[in-house]
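**Student:** This structure is in structure tokens; I'll ask about it shortly.
The values are calculated or read from the model by the stated rules, or taken from the named source; none is laboratory data. Given the structure is predicted, the values throughout are model-derived calculations rather than measurements. Cβ sites come from the backbone with ideal geometry, for glycine too, and all protein chains shown count toward neighbours. What goes into the accessible areas is simple: the full protein's heavy atoms, side chains included, and nothing from ligands, DNA or RNA. Shrake-Rupley method; radii C 1.70, N 1.55, O 1.52, S 1.80 Å.
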Amino acid sequence: MTGAGTADLPESIAAAWGVRERSHKGPKPALSLPRIVAAAVRIADAEGLDAVSMGRVAAELGAAPMSLYRHVSAKEELLTLMVDAAWGDAPDPPGPGEGWRSGLSRWAWAMRASTQRHPWAVRIPVSSLPIMPREVAWFEHALACMRDTTLTEARKASVILLLAGYVRNLATTEADIAAAMSASGLTPSEWMAAYPRMLAKLTDPQRFPALAAFIAAGVFDAADEPDDEFAFGLDRILDGIESLEPG
């Protein structure tokens, strides 16, 4: 797919799909779009999203900042490419006989793994419907998982939005909590134990009886397994989807 058929595509999207290269004058540049994106991802992984800038990426590559603009028009465009890279390859397609629930569960767990490898990715706002190469592959996989269901195509899209939103939201919450723990100087167990003690000092059991019972139950006395909350929420979402299927 080249030529007139791709003329209306943004250059970064066309380049990411490999259907059109950016035009440039002079000798062929030493840099490439994949190298630039990979360098930006390395910086974000090591130093956080705030550390990513065109100048910083150029320095990582030993290149002049202006040389990046032959491939990427602005930082916002680079961020879009970074998100697509962060998701990585989509899971394997559903196998023969694999049910929709198993397939979607595998899809959600794989997406969670991507957010754990690159937690900064969920900090970048969603700027469009799935259009980048890996995003589309993930979209295709989720749709394929539901091919034998009675859901309409529109409801399949609703399911994907629900699952992806759940993964992103929990990943963001976990990242926020991890940042708060780090800033407190406390260990995770100390940080968790401080919360019910503070609540007990601030709240009147007569005014907040349900909260008093919650504190008394010792919910924060022992840490949950790392994936406990995710597994619980995912199962409830899949239970809800299952209720839409007859029989």
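**Student:** How large is the accessible surface per residue of the range 187-243, computed with a 1.4 Å probe and reported in Å² as a whole number?
**Tutor:** 73
**Student:** Which residue, 195, 18, 182, has the largest displacement toward the positive end of the dipole of the chain when charges sit on each Cβ (Lys, Arg +1; Asp, Glu -1)?
**Tutor:** The Cα lying farthest towards the positive end belongs to 18.
**Student:** Here's a follow-up. Can you find, among 124, 72, 34, the residue farthest towards the positive end of the dipole of the chain? Put +1 on the C-beta of Lys and Arg, -1 on that of Asp and Glu.
**Tutor:** 72
**Student:** Over all directions, what mean area does the Cα convex hull of the range 29-125 project, stated in square nanometres?
**Tutor:** If I average the Cα hull's projected area over directions, I get 7.2 nm².
**Student:** With a ≥ b ≥ c taken as the square roots of the eigenvalues of the C-alpha gyration tensor of the range 157-214, please select rounded if a/c is under 1.5 and otherwise prolate if a/b is larger than b/c or oblate if it is not?
**Tutor:** Verdict is oblate for the range 157-214.
**Student:** Hey, another quick one. Quick check for you: with a 1.4 Å probe and neighbouring chains kept, what is the accessible area per residue of the range 99-180, in Å²?
**Tutor:** On a per-residue basis, the range 99-180 sits at 50 Å².
**Student:** If you line up the long axis of helix 75-87 against the longest principal axis of the chain, both from Cα atoms, how many degrees apart are they, to the nearest 10?
**Tutor:** 60
**Student:** Counting only protein heavy atoms, what percent of the accessible surface of the range 140-202 is carbon or sulfur at a 1.4 Å probe?
**Tutor:** About 63 percent, which is the carbon plus sulfur part of the accessible surface.
**Student:** Calculate how steeply helix 228-242 sits against the longest principal axis of the alpha-carbon atoms of the chain, using the helix alpha-carbon long axis, and give the answer as 0 to 90 degrees to the nearest 10.
**Tutor:** So the helix axis and the longest Cα principal axis differ by about 80 degrees.
**Student:** So what's the back-of-envelope 222 nm ellipticity for the chain, counting only DSSP H runs of four-plus at -39500 (n - 2.57) apiece and dividing by all residues, rounded to 500?
**Tutor:** For the chain, the value works out to -19000 deg cm²/dmol.
**Student:** Name the residue farthest towards the positive end of the dipole of the range 125-247 from the options 241, 215, 145, assuming +1 on Cβ of Lys and Arg, -1 on Cβ of Asp and Glu, about the Cα centre.
**Tutor:** About the Cα centre, the residue reaching furthest to the positive side is 215.
**Student:** Where a ≥ b ≥ c are the square roots of the eigenvalues of the C-alpha gyration tensor, would you call the range 185-232 rounded, which needs a/c under 1.5, or, failing that, prolate if a/b is larger than b/c, or oblate?
**Tutor:** oblate
**Student:** If you build a Gaussian network model of the chain, linking Cα atoms that sit under 10 Å apart, which residue out of 188, 205, 34 swings the most?
**Tutor:** 205
**Student:** Still on this structure: Over 10 Å intervals from 0, what percent of Cα-Cα pairs in the range 58-212 sits in each interval?
**Tutor:** Calculated over all Cα pairs of the range 58-212, the distribution is 9, 27, 24, 20, 15, 4, 0 percent.
**Student:** By how many degrees, 0 to 90 and rounded to 10, does the Cα axis of helix 153-184 deviate from the longest principal axis of the chain?
**Tutor:** Between helix and principal axis, roughly 70 degrees.
**Student:** With springs connecting C-alpha atoms under 10 Å apart, model the chain as a Gaussian network and identify which of 161, 234, 186 has the largest mean-square fluctuation.
**Tutor:** Among 161, 234, 186, the largest GNM mean-square fluctuation belongs to 186.
**Student:** OK, next. Placing +1 at every Lys and Arg Cβ and -1 at every Asp and Glu Cβ, with all other atoms neutral, what dipole size does the chain have around its Cα centre, in debye to the nearest 20?
**Tutor:** Using only the charged Cβ atoms, the result is roughly 900 debye.
**Student:** Across the chain, where is the longest run that never hits GluC sites (Glu not before Pro) in a DSSP loop with at most 15 other C-beta atoms within 10 Å?
**Tutor:** 99-247
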